[in-house]
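J.: I'd like to ask some things about the structure below.
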Amino acid sequence: MSITRTTHRREPPPYTVVGGGSAEGSGEGRAVSVILLARGSRLYRTDLFRELERLGFDDVVSVEDGAEAVDVEALALRHPRVRFVLLGAPANPGERLNLGMREVKRPYALAMWSDMRFSSAGLSSRFFDRVAALDLLCLAPFLASRSGDLVPTALAPALERQSLRILPLMPGRDAARSLFPFDYAGIYARKKFLLSGGFDPSIENPHWQLLDFGFRAWLWGEEIRLSQALRLEYLEAAPATDTTPDDGYKRFWLKNLAPMFRGDHALTPPGRLWSYWRRSGGSLFAARAEFREAAEWVRDNRYRFRLDASSLVDLWEDESR
């Protein structure tokens, strides 16, 4: 396990871009691009492209597996506002979203999966004005299952006997906080996303990848909130969540739970090594090397922290009372 000093250690996968270009240099249209992450059946794509065009999105990036993109040339001709990012190697969801964020042209980007659709008739100009006025790292949607039931997407951190728990709550009000964007869906402020380092591609498990992104966002002073006006629904079953502690959990723990905030910066106390070793399941030699590298990452980013995990949980609970 390796953590680089700046953002993340893995190089982005190779990819090619097909089609699009109509939004290049254009100041017209929405201030929000769309990053479409391909998943499941390809039957919904054409209808979704049409829906995005109807809603006024003129900069759409569809991130897909290159090996499966057999009809991309024809789709690119029918939908000139869509650019297809064709991956040349396997990539996890966070890597795909990172690539899409580099390709979009607008200051904000709506990330959604190809097996989702809008559950409201449209999005008003006032909504897009509010996106710009709030300028949040991520404005996440209210999500519904394919049967129409609301999904608990207001995710709250809690400590139980010094162990972290994530509480999935129903989003009862507009602008409710969420620790991370459920299933990666949401409108991201592109500049803030890139400055945050985006999703850590070295974490393969989506649960720990999302937790790492969300914790880093809140610990570094950014916010993730829910928008009642932005409503999406699944066309297929919502993905299952795998919370098995694995290498991704260890990486998440080192970057987010191990640091402590002191004065105006964060640091990783040397004594946390023993707690990490007990969690790692590996040798003391390997745990020490991983711990030192993570502590170096924290030291390089120490002034970006605004609080530590314990303080975040306390603050979350205080504001929920």
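J.: Quick one: what pairs do we get from the stretch 44-61, first residue more than 19 Å from Ser125 (Cα to Cα) and of a type in the set (D, E, K, R), second part of a helix (DSSP H, G or I) and modelled with pLDDT under 95, C-beta under 9 Å, 6+ apart or different chains?
T.: Arg45/Leu75
J.: In addition: Tell me which helices (runs of 4 or more DSSP H) are completely within the stretch 256-321 and hold 2 or more residues being touching a Ser or Thr at 6+ places or on another chain (Cβ under 7 Å), or say none if there are none.
T.: Because the criterion is at least 2 residues that are touching a Ser or Thr at 6+ places or on another chain (Cβ under 7 Å), the helices (runs of 4 or more DSSP H) in the stretch 256-321 that meet it are 284-300.
J.: Taking the stretch 155-206 on its own, how many of its residues are free of Cβ contacts under 8 Å to residues at least 40 places away in the same chain and not polar (S, T, N, Q)?
T.: 9
J.: Contact list please: Cβ distance under 6 Å, first residue in the stretch 300-320 and closer than 18 Å to Trp253 by Cβ, second residue among the aliphatic types (A, V, I, L, M) and open to solvent by 50 Å² or more (accessible area, probe 1.4 Å), pairs at least six apart or on different chains.
T.: Pairs that qualify, where the first residue is closer than 18 Å to Trp253 by Cβ and the partner is among the aliphatic types (A, V, I, L, M) and open to solvent by 50 Å² or more (accessible area, probe 1.4 Å), are Val313/Leu159.
J.: Could you look through the stretch 42-78, keep only residues that are open to solvent by 70 Å² or more (accessible area, probe 1.4 Å) and not in a helix (DSSP H, G or I), and pick out the one that is farthest from Met116 (Cα to Cα)?
T.: Per the criteria, the residue is Val70.
J.: Sort out which residues of the stretch 223-237 are open to solvent by 50 Å² or more (accessible area, probe 1.4 Å) and part of a loop (DSSP other than H, G, I, E, B), and write them in order of number.
T.: Across the stretch 223-237, the qualifying residues are Glu223, Glu236, Ala237.
J.: Same structure again: Taking the residues in the stretch 259-271 that are out of contact with any strand residue (DSSP E or B) (no Cβ under 8 Å at 6 or more places or on another chain) and farther than 17 Å from Gly221 by Cβ as candidates, determine which candidate is surrounded by the most Cβ atoms within 10 Å (Cβ to Cβ).
T.: Per the stated criteria, the residue is Pro270.
J.: Considering only residues that are of a type in the set (Lys, Arg) and under 10 Å from Val60 (Cβ atoms), look in the stretch 79-111 and name the one that is surrounded by the most Cβ atoms within 10 Å (Cβ to Cβ).
T.: Per the criteria, the residue is Arg83.
J.: Whether any residue in the stretch 98-111 is more than 17 Å from the chain's Cα centre (by Cα) and without any contact (Cβ under 8 Å) to a residue 40 or more places away in the chain is what I want to check.
T.: No: the stretch 98-111 contains no residue that is more than 17 Å from the chain's Cα centre (by Cα) and without any contact (Cβ under 8 Å) to a residue 40 or more places away in the chain.
J.: So, one more: Take the residues in the stretch 112-133 that are over 19 Å from Leu235 (Cα atoms) and basic (Lys, Arg), then tell me which one is most open to solvent (accessible area, probe 1.4 Å).
T.: Step by step, filter the stretch 112-133, then rank; the result is Arg126.
J.: Before we move on, is Asp200 out of contact with any helix residue (DSSP H, G or I) (no Cβ under 9 Å at 6 or more places or on another chain) and either open to solvent by less than 60 Å² (accessible area, probe 1.4 Å) or at negative phi (or both)?
T.: Here the answer is no, as Asp200 does not meet what is asked.
J.: So for the stretch 165-172 (the condition being modelled with pLDDT under 95, closer than 19 Å to Ala217 by Cβ and buried (at least 19 other Cβ atoms within 10 Å of the Cβ)), does at least one residue qualify?
T.: Yes, that holds for at least one residue.
J.: Could you go through the stretch 242-249 and let me know if any residue there is within 22 Å of Asp183 (Cβ to Cβ), open to solvent by less than 30 Å² (accessible area, probe 1.4 Å) and in contact with a His (Cβ under 9 Å, 6 or more places away or on another chain).
T.: yes
J.: How many residues does the stretch 1-40 contain that are farther than 30 Å from Arg292 by Cβ, modelled with pLDDT under 80 and surrounded by fewer than 19 Cβ atoms within 10 Å (Cβ to Cβ)?
T.: Summing the residues that are farther than 30 Å from Arg292 by Cβ, modelled with pLDDT under 80 and surrounded by fewer than 19 Cβ atoms within 10 Å (Cβ to Cβ) in the stretch 1-40 gives 8.
J.: Can you pull out the residues in the stretch 238-252 that are assigned to a helix (DSSP H, G or I) and more than 16 Å from the chain's Cα centre (by Cα)?
T.: Asp247, Tyr249, Lys250, Arg251
The values are calculated or read from the model by the stated rules, or taken from the named source; none is laboratory data. Not measured: the values here are computed from a predicted model. Every residue, glycine as well, gets a Cβ built from its backbone with ideal geometry; the counts of neighbours run over all protein chains shown. Side chains included, ligands, DNA and RNA excluded: accessible areas come from the protein's heavy atoms. Shrake-Rupley method; radii C 1.70, N 1.55, O 1.52, S 1.80 Å.
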